[in-house]
Every structure is written in structure tokens, then in C-alpha cells.
Amino acid sequence: MAVNRVKDYRLQQGLSQLKLATAVGVARQTINLIENDKYNPSLKLCIGLANALGTDLNTLFWEPEFPSETTSAAGGTQ
Amino acid sequence: MNKGFLWIMHYFYRVDGVLDEYRLAQLYKIGNQVAMGLLLYVNLSTLVGLAVAGKVSVTAGLLTMVSANLFAVMLAASYVDWAVSRQQLNVVEVDAQSYAQVLQRLKTRAVGVFIYFIGLMVLMQIVVTGVFGSLHEVVLAFTRPRLYLVTLVGGLLVAGVDYWQRKRKLRQL
């Protein structure tokens, strides 16, 4: 399941939107739109964001499925 | 991305600052809308021009088409301006530390615009007077104070408006 933790990691690093935007090479407006889920960044930009925030794509944009979700998807409840 | 292409995009859409993937995508969208609108409009104006040429006169038809196309260009430019401003694609955001530096750069640019305008006016004067008159008239034109007054006032106005517009788009964070 896709999630968006850009804002969380940015705040963890103590970066402003403008500083992150400058580090990645985009406008602050774009960072704001990404954080508010109003724009889907390209893979290249996602990688740039992950590098700038010192993390990886999975951690930033993906939530692993929980075991219970996998079981119910298979048709059984436990 | 090609630097020349980016320069054209900056110049044509009158945007400053970073042109990242989001801003480029929005500009492409605006450009597509304008292109489709212009294509439709030009087809329509050509039909109307041909009708006027048939009913009234060829000159009237030609004038209709020329004025309609000029109007279309003005409308397209206004739409681009409006669409770019609405999406805030021309806003340049700087932090408090860089603000003074950026403002100084805008002032330097305004001086450049002033000098460029003066050079353009002088060149136009030489070309127009030279083409329609003689060398003597070209020299004579430069002895008239009116030329200098118009050039100075025009240059100040153009440079002032350019500086004011760019400062208006500048945001301090």
C-alpha cells in the first residue's frame, strides 16, 4: 500500500520545504504538493527525495502489508 | 534537459526560478490549451475572412483576418499570463537570508533592461530613418532632444515595470 512519509522525514531531519526543494532541485511548491498528495512525483524525483532525506523508497513511500491483511485477502479469517 | 529549451520556456511563459517536472507539466498543459485554441480560432478567422473577402472586398477580408489574428495572439498571451499566475508557476520563493541578494540582482537586471531598451531605440531610429530617409536624416535625428527624452522616459518606464513585475513575483519565506 502506498503511503507518503515525505513530510514526516523532512521534519525529522529539521528541514524546511524550501531547503528540501533546493537539495532535490525542485520548487518549494512541488514539495508542498507532494506532501499534500496533490502531485505524484516521478520515480527520479522519488529517488532524489529519498536520497535527500537519507532513507530509501520503500520506507518513504511504501507500507508493508500486515500478516492479517494477507490472510483475509486469501479468503480466510483467523 | 536542454538549457536552450529551458531558456525558451522561461522567456515564453515569463516564469522565473526552477522549472521542475511539475512546473513543466503544467506549462505543457497550458501550451497545449493555447495551441488548440489558436488552431480553432485561426480556422474560424480564416473562414470569416474569406467570407468577408467574397461579400465585401479582398482588402476588407485581409484586414479582417489580420486584425482577428492579432486579437487571437493578444488573447493567447493574456491567457498564458493568467494561467501561469493562477497556478503560481511564476512565483520565486527565497529565504530571508537570500532575499536582499535576489533583490539586488533584480535591480541590476533592471539597469540592464534600461540599457537594452536604449540600444534598441537607437538601433530602430537608425534603421527606420536610414531605410525611409537618408544618412543625413539619420544624423539629424540624433541632434533632436526629443529622441533622447523619449528614449530616457521609455527606458525608465520599461525597466521600472520589469523590476516591479519581478519583485511582485518574489516571495520571502
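The values are calculated or read from the model by the stated rules, or taken from the named source; none is laboratory data. These numbers come from a predicted model, not from an experiment. Neighbour counts run over all protein chains shown; Cβ positions are idealised from the backbone, glycine included. Areas reflect the complete protein model, heavy atoms only, side chains present, ligands, DNA and RNA absent. Shrake-Rupley method; radii C 1.70, N 1.55, O 1.52, S 1.80 Å.
Somewhere in segment B:152-161, is a residue open to solvent by less than 70 Å² (accessible area, probe 1.4 Å) and at pLDDT below 85?
Within segment B:152-161 (the criterion being open to solvent by less than 70 Å² (accessible area, probe 1.4 Å) and at pLDDT below 85), the answer is no, since none of the residues qualifies.
Out of B:Val84, B:Val80, report the one residue that is within 15 Å of the chain's Cα centre (by Cα), assigned to a helix (DSSP H, G or I) and either loosely packed, with under 12 Cβ neighbours inside 10 Å or within 14 Å of chain A (Cβ to nearest Cβ) (or both).
Working: B:Val80 fails: either loosely packed, with under 12 Cβ neighbours inside 10 Å or within 14 Å of chain A (Cβ to nearest Cβ) (or both).
One residue alone meets the criteria, B:Val84.
Got at least one residue in segment B:94-113 being away from every other protein chain (no Cβ under 14 Å), touching a strand residue (DSSP E or B) at 6+ places or on another chain (Cβ under 8 Å), surrounded by 13 or more Cβ atoms within 10 Å (Cβ to Cβ) and closer than 30 Å to A:Val26 by Cβ?
yes
Give me the pairs, please: first residue somewhere in segment B:13-32 and assigned to a loop (DSSP other than H, G, I, E, B), second residue anywhere and polar (S, T, N, Q), beta-carbon distance under 6 Å, and either six or more positions apart or on two chains.
What qualifies is B:Val15/B:Asn90; B:Asp20/A:Thr30.
Could you list, in sequence order, the residues of segment B:6-25 that are at negative phi and either more than 10 Å from chain A (Cβ to nearest Cβ) or among the β-branched types (Val, Ile, Thr) (or both)?
B:Leu6, B:Trp7, B:Ile8, B:Met9, B:His10, B:Tyr11, B:Phe12, B:Tyr13, B:Val15, B:Asp16, B:Val18, B:Leu24 - these are the residues of segment B:6-25 that are at negative phi and either more than 10 Å from chain A (Cβ to nearest Cβ) or among the β-branched types (Val, Ile, Thr) (or both).
Restricting to segment B:1-27, give me the number of residues that are under 13 Å from the mean Cα position of the chain (by Cα), open to solvent by 40 Å² or more (accessible area, probe 1.4 Å) and of a type in the set (Phe, Trp, Tyr).
2
Exactly one of these conditions fails for B:Leu123: (1) under 28 Å from A:Gln17 (Cα atoms); (2) more than 14 Å from chain A (Cβ to nearest Cβ); (3) loosely packed, with under 13 Cβ neighbours inside 10 Å. Give me its number.
(1)
Write out, first by first residue and then by second, each pair whose Cβ atoms fall under 8 Å of each other, whose residues are 6+ apart or on separate chains, and whose first residue, in segment B:128-154, is at negative phi and assigned to a helix (DSSP H, G or I) while the second is among the hydroxyl-bearing types (Ser, Thr, Tyr) and open to solvent by 90 Å² or more (accessible area, probe 1.4 Å).
Short answer, once both residue conditions are applied: none.
Find all pairs meeting these conditions: Cβ atoms under 7 angstrom apart; at least six residues apart or on different chains; first residue within segment B:105-126 and charged (D, E, K, R); second residue part of a helix (DSSP H, G or I).
Short answer, once both residue conditions are applied: B:Lys107/B:Tyr163.
Could you tell me which of the residues B:Gly17, B:Gly54, B:Gly61 is out of contact with any Phe, Trp or Tyr (no Cβ under 9 Å at 6 or more places or on another chain) and closer than 18 Å to A:Asn32 by Cβ?
B:Gly17
If you take just the helices (runs of 4 or more DSSP H) that sit entirely in segment A:1-47, which of them hold at least 3 residues that are under 20 Å from B:Gly17 (Cα atoms)?
A:17-24, A:28-35
Any chance segment B:56-63 includes a residue that's away from chain A (no Cβ under 14 Å), closer than 23 Å to B:Glu93 by Cα and either at pLDDT below 90 or open to solvent by less than 40 Å² (accessible area, probe 1.4 Å) (or both)?
Scanning segment B:56-63, I find no residue that is away from chain A (no Cβ under 14 Å), closer than 23 Å to B:Glu93 by Cα and either at pLDDT below 90 or open to solvent by less than 40 Å² (accessible area, probe 1.4 Å) (or both), so the answer is no.
From B:Ser85, B:Ser67, which residue is free of Cβ contacts under 8 Å to residues at least 40 places away in the same chain and under 20 Å from B:Met9 (Cα atoms)? Spell out how you get there, then give the answer.
Numbers: B:Ser67 fails: under 20 Å from B:Met9 (Cα atoms).
Step by step, each of B:Ser85, B:Ser67 is checked, and only B:Ser85 is free of Cβ contacts under 8 Å to residues at least 40 places away in the same chain and under 20 Å from B:Met9 (Cα atoms).
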